[in-house]
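The values are calculated or read from the model by the stated rules, or taken from the named source; none is laboratory data. Computed from a prediction, not measured in an experiment: that's the story for all the values here. Backbone-built Cβ (ideal geometry, glycine too); neighbour counts: all protein chains shown.
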Amino acid sequence: MTEIGFYHLLSTPLERALPRLLERARAQGYRILVRAASAERVEHLNALMWTYDEASFLPHGSARDGNEANQPIWLTDRPDNPNGAAMLVLVDGVAAEDLSSFARCVDFFDGNDAAALEAARERWRRAKAAGHPLTYWQQTPAGWEKKA
């Protein structure tokens, strides 16, 4: 079963937290698929990956760039896994129906948005009922703290 980590954003926006997580995951050798809610959001994140830090580079692409099979990080709003990723990162409250091709899934959610928080709780309940191993990480002033 796919391990799912829920990441509760409280003080840092997704635009700052996501690149750091992707850097760590790439350092661990993961190929990654980032799934967003829309094509416009994908392109926003694609641009972000080029500008988040002048001293860093995350090899990535989206449908606009092509070569999905060769991209270590693929940004999409579609349910397929064209780069053979072992890690799925969900943003914007996107839920994944089929996790069978992923070893790990990260679900980012905005804890300052009541609707996003409740939707994340529902995704947690569904994942727990399906038997997935779950972890819950909450942002604190000192960084990420594992709560469950």
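Tabulated results
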| read-out | value |
| --- | --- |
| Count of the stretch 94-125 residues which are surrounded by 17 or more Cβ atoms within 10 Å (Cβ to Cβ) and either in contact with a Pro (Cβ under 9 Å, 6 or more places away or on another chain) or closer than 16 Å to A17 by Cα (or both) | 7 |
| Any hit, the stretch 105-125, residues being within 21 Å of R31 (Cα to Cα) and over 15 Å from the mean Cα position of the chain (by Cα) | no |
| Selection count where residues are farther than 18 Å from F108 by Cα, assigned to a loop (DSSP other than H, G, I, E, B) and touching a residue at least 12 places away in the same chain (Cβ under 8 Å), scope the stretch 61-83 | 9 |
| Qualifying positions in the stretch 98-139 - of a type in the set (S, T, Y) and part of a loop (DSSP other than H, G, I, E, B) | S100, S101 |
| Flag if D92 is of a type in the set (D, E), in contact with a Lys or Arg (Cβ under 7 Å, 6 or more places away or on another chain) and outside any loop (DSSP other than H, G, I, E, B) | no |
| Residues (over 23 Å from D98 (Cα atoms) and touching a residue at least 40 places away in the same chain (Cβ under 8 Å)) located in the stretch 114-139 | Q138, Q139 |
| Residues within the stretch 24-60 that are over 14 Å from L75 (Cα atoms) and either in contact (Cβ under 8 Å) with a residue 60 or more places away in the chain or surrounded by 15 or more Cβ atoms within 10 Å (Cβ to Cβ) (or both), tallied | 4 |
| All positions within the stretch 90-107 that are in contact with a Phe, Trp or Tyr (Cβ under 6 Å, 6 or more places away or on another chain) and among the charged types (D, E, K, R) | D107 |
| Residue in the stretch 108-148 that is modelled with the lowest pLDDT, counting only those that are out of contact with any Phe, Trp or Tyr (no Cβ under 9 Å at 6 or more places or on another chain) and among the hydrophobic types (A, V, I, L, M, F, W, C) | A142 |
| Hits in the stretch 118-148 - residues which are aliphatic (A, V, I, L, M) and closer than 20 Å to E3 by Cα | A119, A120, A127, A129, A130, L134, A148 |
| Test result for G29, part of a loop (DSSP other than H, G, I, E, B), on the phi > 0 side of the Ramachandran plot and modelled with pLDDT under 95 | no |
